[in-house]
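A quick write-up on the structure given underneath.
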Amino acid sequence: AKIEFDRRICYYEHDMDEQARQRRDMVRDLWTALEQNGFYLAYQVQKSVATGDITGYEVLLRWNRPGHGEVPPSEFIPVAEECGAINAIGIWVLKMACLEAASWPEPYKIAVNVSGIQLSQVELVETVRNVLFMSGLAPARLELEVTETSIIGDKQRALHILRQIKAMGVSIAIDDFCTGYSSLDTLRSFPFDKIKLDRSFMSEVESNEQSKAIVRAILALGRSLSVPVLAEGVETREQLDVLRKEGCTEAQGFLLGRPGSIDWADRLEPGLRA
Ligand code: C2E
Ligand code: CA
Ligand code: CA
Ligand code: CA
């Protein structure tokens, strides 16, 4: 039994070494990607539910890691947050997104995700100011998406930072709404410009009366607070129909457009196409 036990510890330690090694390699590759332009951005369209008009685009970070292929952000963002690279990555995303958006033929909004780590640093305020100045993008065209969980850390500091950014004319959306522990309290503490309803609610909105009731309640909440609600993860015509009936403001999801590059020729009248 003793030998068996030792052997198990041995395997365990081996696994730990392997995990630590993989993590260390990823950290190294993240910094290399930053230095060598290894990241790129995808854009996902956001549309008005009532009219179908484009209202803006959310920026989603992409990484084609040499030797590994496309790594989903859910795998590398947590590592970047742990090792601190998220600050530099976040600045890169903000800069590239604003430069891009400033060159668009249409003045759509650009929504950029901000990590909780960035929200704990006052430098974020100066970063946003500099990026707007450098890109020439009108502040009203920039929206920062923050999750509830990212505000929970040092709440007062995060809200202080958000207030200064909002004062520049940048809007702030609360992302993944209803997945945290304190949705309503978060709403009470800060004048958000938009609520992004988490996509987990969309998957059941047609089949599950409970989910539908929750969606309806959040839309009513948004209306009474005069805060527009954007539904995430809209994949079917039926879901969009429910949202329209219930008075949802905006929608985003595979049905309306997958994340990718923007084909401006598509946006022009057919007669104007090359
Ligand atoms: P998120 O902010 O909630 O972004 C929406 C995610 O849902 C994206 O995943 C998008 O591809 C996916 N999605 C959009 N429509 C649909 C749909 O109809 N169905 C389904 N099943 N999924 C849909 P992605 O690109 O893998 O990003 C995952 C998360 O990584 C994001 O969630 C965000 O939290 C984080 N992330 C992405 N880019 C950045 C970034 O630049 N900075 C930071 N800090 N986080 C980022
Ligand atoms: Ca988001
Ligand atoms: Ca989200
Ligand atoms: Ca999410």
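Contact map, region 120-143: first residue within 20 Å of Trp104 (Cα to Cα), second residue acidic (Asp, Glu), Cβ cut-off under 9 Å, separation 6 or more or different chains; pairs are Ser135/Glu100; Glu143/Glu58; Glu143/Asp193. Please indicate, with yes or no, whether at least one residue in region 229-237 is at pLDDT 95 or above, within 13 Å of ligand 1 (Cβ to nearest atom) and among the acidic types (Asp, Glu). Yes: one or more hits.
Filtering region 163-196 to residues that are of a type in the set (Gly, Ala, Ser), touching a helix residue (DSSP H, G or I) at 6+ places or on another chain (Cβ under 7 Å) and more than 16 Å from ligand 4 (Cβ to nearest atom) leaves Gly169, Ser182, Ser189.
Tell me whether region 63-84 contains one or more residues that are surrounded by 13 or more Cβ atoms within 10 Å (Cβ to Cβ), within 14 Å of the chain's Cα centre (by Cα) and free of Cβ contacts under 8 Å to residues at least 40 places away in the same chain. Checked region 63-84: at least one residue is surrounded by 13 or more Cβ atoms within 10 Å (Cβ to Cβ), within 14 Å of the chain's Cα centre (by Cα) and free of Cβ contacts under 8 Å to residues at least 40 places away in the same chain.
With respect to being exposed (fewer than 14 other Cβ atoms within 10 Å of the Cβ), at pLDDT 95 or above and closer than 28 Å to Lys47 by Cβ, Ser115 falls outside the description.
For region 122-150, a residue qualifies if it is in contact with a helix residue (DSSP H, G or I) (Cβ under 7 Å, 6 or more places away or on another chain), on the phi < 0 side of the Ramachandran plot and not β-branched (Val, Ile, Thr), and the qualifying residues are Leu124, Leu132, Ser135, Leu137, Pro139, Arg141, Leu142, Leu144, Glu148, Ser150.
May I ask you to list the residues in region 119-134 that are more than 16 Å from ligand 1 (Cβ to nearest atom) and buried (at least 18 other Cβ atoms within 10 Å of the Cβ)?
Leu132
In summary, strands (runs of 3 or more DSSP E) completely within region 160-274 and bearing 3 or more residues that are surrounded by 20 or more Cβ atoms within 10 Å (Cβ to Cβ) and not basic (Lys, Arg) occur at 171-177, 229-231.
The values are calculated or read from the model by the stated rules, or taken from the named source; none is laboratory data. All values reported here derive from a predicted model rather than from experimental measurement. Please note: Cβ atoms are built from the backbone with ideal geometry, for glycine as well, and neighbour counts cover all protein chains shown.
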